[in-house]
1. Does A64 count as over 24 Å from P339 (Cα atoms) and buried (at least 21 other Cβ atoms within 10 Å of the Cβ)?
2. Does region 198-214 hold any residues that are surrounded by fewer than 18 Cβ atoms within 10 Å (Cβ to Cβ) and either of a type in the set (V, I, T) or in contact (Cβ under 8 Å) with a residue 40 or more places away in the chain (or both), and which are they?
3. Taking the options T35, T81, name whichever one is without any contact (Cβ under 8 Å) to a residue 40 or more places away in the chain and farther than 25 Å from L290 by Cβ.
4. Regarding Y284, is this residue aromatic (F, W, Y), more than 30 Å from F157 (Cα to Cα), surrounded by 16 or more Cβ atoms within 10 Å (Cβ to Cβ) and out of contact with any Phe, Trp or Tyr (no Cβ under 7 Å at 6 or more places or on another chain)?
5. Return the residues of region 121-140 that are surrounded by fewer than 17 Cβ atoms within 10 Å (Cβ to Cβ) and either among the β-branched types (V, I, T) or out of contact with any Phe, Trp or Tyr (no Cβ under 9 Å at 6 or more places or on another chain) (or both); say none if nothing qualifies.
6. Pull up region 321-340, narrow it to residues that are outside any strand (DSSP E or B) and among the hydroxyl-bearing types (S, T, Y), then point me to the one that is farthest from R292 (Cα to Cα).
7. Would you pick out the residues in region 224-236 that are out of contact with any helix residue (DSSP H, G or I) (no Cβ under 9 Å at 6 or more places or on another chain), touching a residue at least 60 places away in the same chain (Cβ under 8 Å) and surrounded by fewer than 17 Cβ atoms within 10 Å (Cβ to Cβ)?
Amino acid sequence: MQSGRFFLVSFLFFAGLNTWAPAKAVAYDFKPLETVVKKAVSDSVFPGASLAVLYKGMVVFHKAFGKLTYDPHSSPADTSTMYDLASLTKAVSSTSIAMQLVERDSLSLQVPVSKYLPTFTGKGKDKITIEQLMRHTSGLRAHILFSKTCTTPEQLFSTIASDTLISKPGTTTLYSDLGFILLGKIIETITGKTLNTNFHNRFAEPLGMTSSMFTPPQSFVWRIAPVEKDTLWPFPFQRPLVHDQNAALLGGVAGHAGLYATTGDLIKLVSMLMNGGTVNNHTYIHAATLNRFLAHKGSERALGWDVPSPGGHSSAGDYYSKTSYGHLGYTGTSIWIDPEKELAVIFLSNRVYPSSDNIKIRSFRPVLHNTIASCLGLKKAVEKVH
C-alpha cells in the first residue's frame, strides 16, 4: 500500500467475494499512524507487523511494517505474511463455529458441558454450562502447562476433567484457556470433524481465506512470522509449529489457539461480521445470533469475545463505543470492532520473537487505536460530545 501524508480510499471491499467495486474517494491523513507503528518497530516492540483498518464499509488502511525478525537481512513483513493468531483463535474460529452450531440447534449454550463430554463431572463441574465456558465464568483455572504431567491429548482432557475448580461456576470472571480447549473438543464431538476442517469448510473456503489454517504445511513456513523457540518441549515427537505449547500437545489444532492467518484474510471475516453475518446473499451467521453472542449486559465479557475494559484501561484505547467487541492474542495479535462507528482494526505481529518476555505491546495497543481514531477524526468527534 502506498505510504505518505494522505491515503486515498478508492475501493469498497465486499468480504468473501475477492472483488472490489469503485467507491467515492476519501482522503485520510495516516502519516501519524505510520509514524507510531514505525517507532514501535524501532523500539523493538515487535520485529514487524501487518495492520488493516476498516471504516464505513471500506478498507481505508492496509500496510505492513518491519521485518520477520530483527536480523537486518530478514525478509520484510508484508500484508500476506501469516501470523500465529494465538488466542484470536478463540474468537475467530471457535466462537464463529459455535455460533453456527447454536443456530442450527446442534449446540445449546445453557446445558452442562457434561452433556457433550460425559467424563466432565464431579468437584462442582456438573453444572458448568457452555455459556460459562465462553464467558470465562466456568470456575476453571486460567492455564496449566500440561506437558509437565501429560503426554497425550487424552491425558490432557482427563486432567481438566479431574481438576478442582477455583471458584463456583457463574460467580467469577477469569479468562481461561481451559474453557476453550474444552469448547474445541465439544465442537469436534458434535460435528465429528476436526476444528481445522470445521473452520475451513464453514468460513475459510467460502470467504476466500486461502491463508487461514491450523498446522500450515512446511511449504508455507517462509511466509510465517517466527515466534520464540520452545526450550521446554519434553517429548520425542516433532513439535507442531504453533507457539502455544498446549495447542502443540493437541497436534496444533485446539479451541484456544493454533490458527494462522493474514490481515487480508481477516478483513474478509471481520467484514462479514460487520455486515451482520451475511455476504453476497450468503448468510454465515444470522444477525440475531451475532447479537446474542455479543450481548454482555451484566457480564464482563461477551460470548467468545472481549469488550472494552471500563475506566480507560482498554487495549482498544479511549474512543471505542460501549458496544465494541474484540480479542487479543498472546503472540501480539488483536482485533477490535466498533459497530456504532463502523470501525474495525486488525493488528498482527510476532512480538514474542525472540522472547515473550517482551511485553512492550501492552502500552502500544491503546496508543495504536487512539492514533487511528485521531486519523479518522473520531477522537475530535468524541471529545466534542463530551
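The values are calculated or read from the model by the stated rules, or taken from the named source; none is laboratory data. From a predicted model like this one, the values you see are computed outputs, not experimental measurements. FYI the Cβ positions are ideal-geometry reconstructions off the backbone, even for glycines, and counts take in every protein chain you see.
1. On the way: over 24 Å from P339 (Cα atoms): yes; buried (at least 21 other Cβ atoms within 10 Å of the Cβ): yes.
Taking the combined requirement at face value, the residue satisfies it.
2. P206, G208, T210
3. Working: T81 fails: without any contact (Cβ under 8 Å) to a residue 40 or more places away in the chain.
It is T35.
4. On the way: aromatic (F, W, Y): yes; more than 30 Å from F157 (Cα to Cα): yes; surrounded by 16 or more Cβ atoms within 10 Å (Cβ to Cβ): yes; out of contact with any Phe, Trp or Tyr (no Cβ under 7 Å at 6 or more places or on another chain): no.
No, not satisfied.
5. Taking region 121-140 as the starting set, the residues that turn out to be surrounded by fewer than 17 Cβ atoms within 10 Å (Cβ to Cβ) are 121-124, 126-127.
Result: T121, G122, K123, G124, K127.
6. First, the residues of region 321-340 that are outside any strand (DSSP E or B): 321-324, 330-332, 339-340.
Now restrict to residues that are among the hydroxyl-bearing types (S, T, Y): 321, 323-324, 330-331.
Numbers: S321: 18, T323: 13, S324: 14, Y330: 27, T331: 29 Å.
Among residues in region 321-340 that are outside any strand (DSSP E or B) and among the hydroxyl-bearing types (S, T, Y), the one farthest from R292 (Cα to Cα) is T331.
7. Within region 224-236, the subset out of contact with any helix residue (DSSP H, G or I) (no Cβ under 9 Å at 6 or more places or on another chain) is 224-229, 231, 236.
In the following step, the residues that additionally are touching a residue at least 60 places away in the same chain (Cβ under 8 Å) were identified as 224-229.
Within region 224-236, E228, K229 qualify.
Residue by residue, here is whether (1) in contact with an Asp or Glu (Cβ under 7 Å, 6 or more places away or on another chain); (2) closer than 23 Å to H327 by Cα; (3) of a type in the set (A, V, I, L, M) holds:
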residue	(1), (2), (3)
V102	no, yes, yes
K123	no, no, no
E131	no, yes, no
S138	no, yes, no
